[in-house]
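Let me begin by presenting the structure, written as structure tokens, before commenting on it.
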């Protein structure tokens with residue numbers, strides 16, 4: 001794998017189905033097919049989307065991930081697979097999507113505004129782009145560097161990035177308050193290099209508590225930001 005730490009992290013997250021479903025639940029009011037999923041990896045969220053009976057085009061820059069997706073899902077009737085590099089001009093096909101989904105993708109891209117501008121051409125009229133990114137610049141640490149993150153986001157910087165790329169921001173929320181505590185302790189204070197399987201398994205077991213804490217804070221704080229936007 002070209003990205004061994006990222007791959008290992010995705011493998012560990014594959015063993016957290018309740019967490020993966022929780023992530024997708026945040027988008028369900030806005031998800032309509034066909035969906036263009038950017039950076040599908042090994043398909044942790046792709047599987048959840050297909051379970052919702054959505055038509056999905058899963059994409060990745062890494063051909064090895066695409067091969068794993070093909071092996072996992074075979075010829076699933078609701079799934080298409082495409083190689084997609086957001087640092088390059090997008091393929092000139094005319095297909096558009098009701099939903100474009102970027103979960104933990106934008107922070108990896110050197111020129112996110114340019115990537116968002118390109119994706120706007122793939123958005124159908126009245127379609128929505130859904131973006132999940134890591135929150136708080138002060139939280140950037142070794143974990144981020146090892147995972148290939150160029151940045152973490154504040155609400156205003158994410159909003160500006162979307163606005164400058166030609167989108168109208170409908171809403172932006174924080175997500176995963178307990179994850180914020182864990183990342184601060186393990187990543188920022190203890191200088192952890194990797195999200196070990198034991199950490200993710202423990203987090204998975206605590207999901208009822210995690211969901212309750214998010215409700216308590218009413219999307220005001222969290223490890224991630226989720227933005228919903230439409231093309232201007």
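The values are calculated or read from the model by the stated rules, or taken from the named source; none is laboratory data. This one's a predicted model, so the numbers in the text were calculated from it and none came from an experiment. Positions of Cβ are generated from backbone atoms using ideal geometry, with glycine treated the same way; all protein chains shown enter the neighbour counts.
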Subject >> Residue ID - farthest from residue 145 (Cα to Cα), chosen from residues in the range 84-122 that are surrounded by fewer than 22 Cβ atoms within 10 Å (Cβ to Cβ) and touching a helix residue (DSSP H, G or I) at 6+ places or on another chain (Cβ under 6 Å) >> reply: 90
**OP:** Can you tell me which residue within the range 50-64, out of those that are over 22 Å from residue 93 (Cα atoms) and free of Cβ contacts under 8 Å to residues at least 40 places away in the same chain, is surrounded by the most Cβ atoms within 10 Å (Cβ to Cβ)?
**Re:** 50
Original post:
Considering only the range 200-232, how many residues are part of a loop (DSSP other than H, G, I, E, B) and either surrounded by fewer than 20 Cβ atoms within 10 Å (Cβ to Cβ) or modelled with pLDDT under 95 (or both)?
Top reply: 6
**OP:** Check the range 141-153 and report whether any residue there is outside any loop (DSSP other than H, G, I, E, B), over 30 Å from residue 185 (Cα atoms) and in contact with a strand residue (DSSP E or B) (Cβ under 9 Å, 6 or more places away or on another chain).
**Re:** no
Original post:
Considering only residues of the range 100-121 that are assigned to a helix (DSSP H, G or I) and touching a strand residue (DSSP E or B) at 6+ places or on another chain (Cβ under 6 Å), which is farthest from residue 41 (Cα to Cα)?
Top reply: 120
**OP:** Report whether or not residue 35 is more than 16 Å from residue 10 (Cβ to Cβ) and within 16 Å of the chain's Cα centre (by Cα).
**Re:** yes
Subject >> residue 128 being more than 20 Å from residue 222 (Cβ to Cβ), surrounded by 14 or more Cβ atoms within 10 Å (Cβ to Cβ) and touching a helix residue (DSSP H, G or I) at 6+ places or on another chain (Cβ under 6 Å) >> reply: yes
Subject >> Close pairs (8 angstrom Cβ cut-off, 6 or more residues apart or separate chains): free of Cβ contacts under 8 Å to residues at least 60 places away in the same chain in the range 16-32, surrounded by 14 or more Cβ atoms within 10 Å (Cβ to Cβ) and in a loop (DSSP other than H, G, I, E, B) anywhere >> reply: 24/31; 24/52; 28/52
Subject >> Residue that is nearest to the chain's Cα centre (by Cα), among those in the range 161-199 that are surrounded by fewer than 15 Cβ atoms within 10 Å (Cβ to Cβ) and assigned to a strand (DSSP E or B) >> reply: 171
